[in-house]
Amino acid sequence: MELHGKKVLVTGADGFIGSHLTEMLVEEKADVRALCVYNSFNSWGWLDTSPIRDEIDIWTGDVRDPHFCKTITQDIEVVFHLAALIAIPYSYVAPDSYVDTNIKGTLNICQAAKENG
Ligand SMILES: NC(=O)c1ccc[n+]([C@@H]2O[C@H](COP(=O)([O-])OP(=O)(O)OC[C@H]3O[C@@H](n4cnc5c(N)ncnc54)[C@H](O)[C@@H]3O)[C@@H](O)[C@H]2O)c1
């Protein structure tokens with residue numbers, strides 16, 4: 001897929017895969033909107049130390065919020081959805097949060113992308 005000049009959203013851009021994908025997209029000259037999960041430390045995870053952090057449009061928010069998903073997918077042509085809870089041991093401790101993030105969050109992003117065309 002040709003991504004040069006495309007408006008691309010990466011969710012989970014603060015994570016391991018999302019941050020490296022974001023760096024690759026900047027190399028490909030895509031116009032990247034990067035979603036990092038909101039936290040009170042104002043940390044952008046892996047993007048904190050990335051050399052491309054000033055070349056992307058960083059948003060903070062949460063894929064569990066359908067209204068936020070509708071906003072962040074506006075004017076976007078391509079979505080890479082990497083936001084997720086991945087730690088298997090913690091999924092046994094707090095399973096509802098995994099359903100909310102991985103299942104409901106994915107549904108929110110898909111519905112928002114569809115509604116925004
Ligand atoms: N790392 C691997 O080797 C690997 C292999 C295959 C598939 N995957 C999949 O790729 C995806 C990303 O994996 P990763 O290794 O980058 O994980 P990661 O934990 O490093 O990144 C996930 C990011 O999602 C963000 N996030 C969590 N909840 C959120 C929410 N409610 N709203 C917005 N953002 C939220 C976190 O802040 C985190 O930075 C996952 O679906 C994972 O299963 C990873």
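Over the chain, what relative contact order in percent results from Cα pairs under 8 Å that are six or more residues apart?
29 percent
I'd like the distance between the alpha-carbon centres of segment 59-102 and segment 1-34, rounded to an integer number of Å.
17 Å
So what is the calculated 222 nm ellipticity per residue for the chain, using -39500 (n - 2.57) for each DSSP H run with n of 4 or more, over all residues, to the nearest 500 deg cm²/dmol?
The helix-only estimate for the chain comes to -9000 deg cm²/dmol at 222 nm.
Roughly how many Å² is the accessible area per residue of the chain, as a whole number, for a 1.4 Å probe?
62 Å²
State which entries of 6/114; 7/114; 7/104; 29/70; 29/104 exceed 20 angstrom in Cα-Cα distance in the structure shown.
Over 20 Å apart, Cα to Cα: 7/104; 29/70; 29/104.
Could you state the angle between the C-alpha long axis of helix 16-27 and the longest principal axis of the C-alpha atoms of the chain, as a value from 0 to 90 degrees rounded to the nearest 10?
So the helix axis and the longest Cα principal axis differ by about 10 degrees.
State the percentage of accessible surface on the chain attributable to carbon and sulfur atoms; use a 1.4 Å probe and exclude ligands, DNA and RNA.
Taking all protein chains in place, the chain shows 57 percent carbon and sulfur surface.
Calculate the spin-label point distance for residue 87 paired with residue 65, positioning each point 7 Å from the Cα along the beta-carbon direction, and give it in nanometres.
2.3 nm
So what's the angle, to the nearest 10 degrees on a 0 to 90 scale, between helix 105-115 and the longest Cα principal axis of the chain?
Relative to the chain, helix 105-115 is tipped by roughly 50 degrees.
In terms of solvent-accessible area of protein heavy atoms at a 1.4 angstrom probe, what is the ranking of 101, 60, highest value first?
60, 101
The values are calculated or read from the model by the stated rules, or taken from the named source; none is laboratory data. The structure displayed is predicted, hence computed values, not measured ones. Here Cβ is always computed from backbone atoms with ideal geometry, including for glycine, and neighbour counts include all displayed protein chains. Accessible surface is based on the protein model in full, side chains and every heavy atom, while ligands, DNA and RNA are left aside. Shrake-Rupley method; radii C 1.70, N 1.55, O 1.52, S 1.80 Å.
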